[in-house]
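Have a look at the structure below before the remarks.
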Amino acid sequence: MTPLEQGSREERTFDAIVVGSGIAGGWAAKELCERGLKTLVLERGRQVKHVEDYTTFNKDPWDFRYAGGRTPQDEVERHYFKQKRTGYTVNDQWNHWFVKDDEHPYTEVNRFDWIRGYHVGGRSITWGRQSYRWSDLDFEANAKEGVAVDWPIRYADLAPWYDHVERWMGVSGSNEGLPQLPDGVFQPPMEFNVVEKSFKGKVENKFPERRVTMGRTAHLTKPTDEQMKIGRGTCQTRNLCMRGCAFGAYFSSNAATLIAADHTGNMTLAPDSIVTEVIFDPKANKATGVRVKNGNTGEMTEYFAKVIFLNASSLATTWIMLHSKSDRFPNGLGNDSDELGRNVMDHHFLAGAQSEVDGYDDRYYAGRRPTGIYVPRFRNLGDSGTKQKDFTRGYGYQGGASRSGWQRLVAEIGFGRELKEEISEPGNWTMGLTGFGEMLPYRDNRVWLNNDVKDVNGLPTLTMDVTIRQNELNMRKDMQAAAVEMMETAGFRNVRPYDRPYAPGLGIHEMGTARMGRDPKTSVLNAYNQIHACKNVYVTDGAAMTSAACVNPSLTYMALTVRAADHAVNALKRGEL
């Protein structure tokens with residue numbers, strides 16, 4: 001069989017091209033394929049097949065080279081010299097899901113922790129799975145406060161698509177009736193432990209505006225027939241999710257959307273395919289296809305389609321657009337507004353409080369729950385009672401209570417029968433709360449192409465210049481104070497606030513570099529995620545976001561994607577693309 005890249009132009013022509021196979025790209029593939037479009041999915045990284053390529057899924061602790069999967073220091077220094085700053089990816093249990101810094105460099109004016117995964121499924125294999133809807137409080141904030149530009153959509157525009165996404169992928173959680181955190185289509189929530197129940201009761205009794213709920217997470221607790229038919233099953237509460245889930249219990253492209261797309265017979269998946277630019281036809285005033293570099297051979301190939309979805313992840317999508325220069329777009333595809341690459345946002349976190357809990361020594365819990373409790377935003381909700389004088393927008397908390405186990409003895413000297421007896425008993429209860437706060441869109445928080453530093457494929461890289469400002473710094477003080485206030489209300493002891501070092505990027509919620517808006521002069525995309533000046537190219541990953549809200553954004557990427565796919569299919573039928 002002739003390799004795809006060596007086929008005729010006809011064989012390299014599709015109805016649609018999707019760039020990227022992560023959360024947004026997987027949904028684009030599924031929706032377009034199920035609507036009958038012959039769709040090429042281009043993934044810059046290697047193939048990852050569900051189950052068989054989760055190489056550490058069933059490994060025991062002693063199967064790794066070093067305790068806990070620790071990566072040897074010489075490899076860390078050679079390959080992960082920036083990622084070691086966070087400690088997030090440097091572990092043999094899952095570092096094969098993340099790129100190496102020496103192969104994929106980037107430069108920084110200010111520190112930016114860019115966590116990337118180049119393979120089929122992208123970061124859908126390693127995401128935190130927290131799934132929350134945005135509300136009109138979020139979509140209206142820019143307009144009401146005169147910040148940046150107004151979103152061209154409101155909650156009502158996305159509500160049915162949130163329904164569609166939640167129902168199909170499976171989100172466990174509970175409805176709370178809060179306007180700032182809209183309810184959804186949920187499977188049964190995971191359970192509070194005894195300390196969290198006590199915390200919930202005491203906090204809600206004293207602070208009626210503060211709700212304590214179980215984290216809404218994309219894990220199946222009661223799979224539907226449709227979910228089981230594609231091979232997904234119930235969460236086993238192993239909490240080893242970043243290794244890849246052979247049960248298909250948490251949502252990933254590999255376990256769900258790409259399988260559904262493949263079942264249609266309409267998807268062609270091409271790994272090791274690095275999209276270097278979008279091909280623009282000035283006469284037709286639209287894109288005709290993409291140029292692709294083979295990640296193994298370096299061979300260049302062009303693929304063609306009527307509609308293109310850019311879902312490479314926020315900054316990678318922006319890289320493609322900046323690199324897609326032409327006489328019509330000398331500063332990058334769709335960059336008439338000079339907003340491409342600007343307004344970088346993330347969620348700032350690592351500020352909150354921790355404490356110790358007396359009592360409950362006769363109580364424990366089963367399994368390792370893959371989610372924690374959630375305290376939705378309770379600041380600046382539009383009323384005088386929640387308005388803050390030192391900062392605008394707000395934050396929510398993620399956290400939970402647990403009992404320490406044998407790990408508490410790592411620093412101790414012990415041996416023999418006494419040690420065995422002690423490590424068989426659980427430790428004391430502790431509790432922690434970490435705030436996740438909204439970052440405002442600042443125009444000078446930006447990325448741009450660096451032609452002097454090339455990656456392993458000989459392509460330009462990005463330079464980052466992103467910082468948090470006084471609004472976020474003030475918010476972090478309140479994150480600590482309110483967390484302390486709630487823990488003291490719950491009667492916990494040794495309550496300690498914390499504000500650990502944070503740099504943008506580590507929230508892994510990078511957003512905003514090709515924002516949606518109403519005016520082509522101040523935005524890159526319209527209300528349906530089309531590039532204003534090139535309507536057959538849609539951008540539905542984090543690049544599209546006009547503000548950041550304070551909740552995890554992935555569910556909104558998904559809803560935007562399925563809405564845009566519906567629009568694209570209907571526009572094609574009408575001959576508009």
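The values are calculated or read from the model by the stated rules, or taken from the named source; none is laboratory data. What you see is a predicted model; the values in this text were computed from it and never measured. Positions of Cβ are generated from backbone atoms using ideal geometry, with glycine treated the same way; all protein chains shown enter the neighbour counts. These area figures cover heavy atoms from the full protein model, side chains too; ligands, DNA and RNA do not enter into them. Shrake-Rupley method; radii C 1.70, N 1.55, O 1.52, S 1.80 Å.
Quick check: is even one residue across the stretch 126-141 hydrophobic (A, V, I, L, M, F, W, C), over 23 Å from residue 44 (Cα atoms) and under 20 Å from the mean Cα position of the chain (by Cα)? Checked the stretch 126-141: at least one residue is hydrophobic (A, V, I, L, M, F, W, C), over 23 Å from residue 44 (Cα atoms) and under 20 Å from the mean Cα position of the chain (by Cα). Just so you know, in the stretch 178-193 the residues that are in a loop (DSSP other than H, G, I, E, B) and under 16 Å from residue 156 (Cα atoms) include one that is most open to solvent (accessible area, probe 1.4 Å), and it is 179.
If the condition is being within 29 Å of residue 379 (Cβ to Cβ) and open to solvent by less than 10 Å² (accessible area, probe 1.4 Å), then the stretch 517-549 contributes 517, 523, 541, 542, 543, 544, 545, 546, 547, 548, 549.
Of the residues making up the stretch 478-496, those that are part of a loop (DSSP other than H, G, I, E, B) and either among the small types (Gly, Ala, Ser) or closer than 30 Å to residue 276 by Cα (or both) are 490, 491. The number of residues in the stretch 281-322 that are touching a residue at least 60 places away in the same chain (Cβ under 8 Å), within 29 Å of the chain's Cα centre (by Cα) and open to solvent by 50 Å² or more (accessible area, probe 1.4 Å) comes to 1. For the stretch 323-348, a residue qualifies if it is crowded, with 22+ Cβ neighbours inside 10 Å and of a type in the set (A, V, I, L, M, F, W, C), and the qualifying residues are 333, 340, 344, 345.
The criterion of being open to solvent by 40 Å² or more (accessible area, probe 1.4 Å) and modelled with pLDDT of 90 or more does not hold for residue 64.
All conditions in (1) β-branched (Val, Ile, Thr); (2) in a loop (DSSP other than H, G, I, E, B); (3) open to solvent by less than 50 Å² (accessible area, probe 1.4 Å) hold for residue 278, with the sole exception of (2). Taking the criterion of being surrounded by fewer than 18 Cβ atoms within 10 Å (Cβ to Cβ) and either at pLDDT 95 or above or β-branched (Val, Ile, Thr) (or both), the only residue of the stretch 86-95 that qualifies is 86. Looking across 41, 18, 51, one residue alone is in contact (Cβ under 8 Å) with a residue 60 or more places away in the chain and either surrounded by fewer than 19 Cβ atoms within 10 Å (Cβ to Cβ) or over 27 Å from residue 246 (Cβ atoms) (or both). It is 51. Being in contact with a helix residue (DSSP H, G or I) (Cβ under 9 Å, 6 or more places away or on another chain), of a type in the set (Phe, Trp, Tyr) and open to solvent by 10 Å² or more (accessible area, probe 1.4 Å) is a condition met by at least one residue of the stretch 244-256. Only one entry in 234, 217 is β-branched (Val, Ile, Thr), surrounded by fewer than 20 Cβ atoms within 10 Å (Cβ to Cβ) and either under 24 Å from residue 556 (Cβ atoms) or free of Cβ contacts under 8 Å to residues at least 60 places away in the same chain (or both), namely 234. Please tell me if residue 107 is hydroxyl-bearing (Ser, Thr, Tyr), over 28 Å from residue 233 (Cα atoms) and at pLDDT 95 or above. Considered against the rule, which asks whether it is hydroxyl-bearing (Ser, Thr, Tyr), over 28 Å from residue 233 (Cα atoms) and at pLDDT 95 or above, residue 107 comes out as yes.
The residue that is farthest from residue 117 (Cα to Cα), counting only those in the stretch 252-269 that are more than 17 Å from the chain's Cα centre (by Cα) and among the small types (Gly, Ala, Ser), is 265. When residue 475 is evaluated against the numbered criteria (1) closer than 28 Å to residue 84 by Cα; (2) open to solvent by 10 Å² or more (accessible area, probe 1.4 Å); (3) not in a strand (DSSP E or B), which criterion, by number, is the only one it fails? Among (1) closer than 28 Å to residue 84 by Cα; (2) open to solvent by 10 Å² or more (accessible area, probe 1.4 Å); (3) not in a strand (DSSP E or B), residue 475 violates only (2). Between 143, 148, the distinction of being at positive phi and open to solvent by 10 Å² or more (accessible area, probe 1.4 Å) belongs to 148 only.
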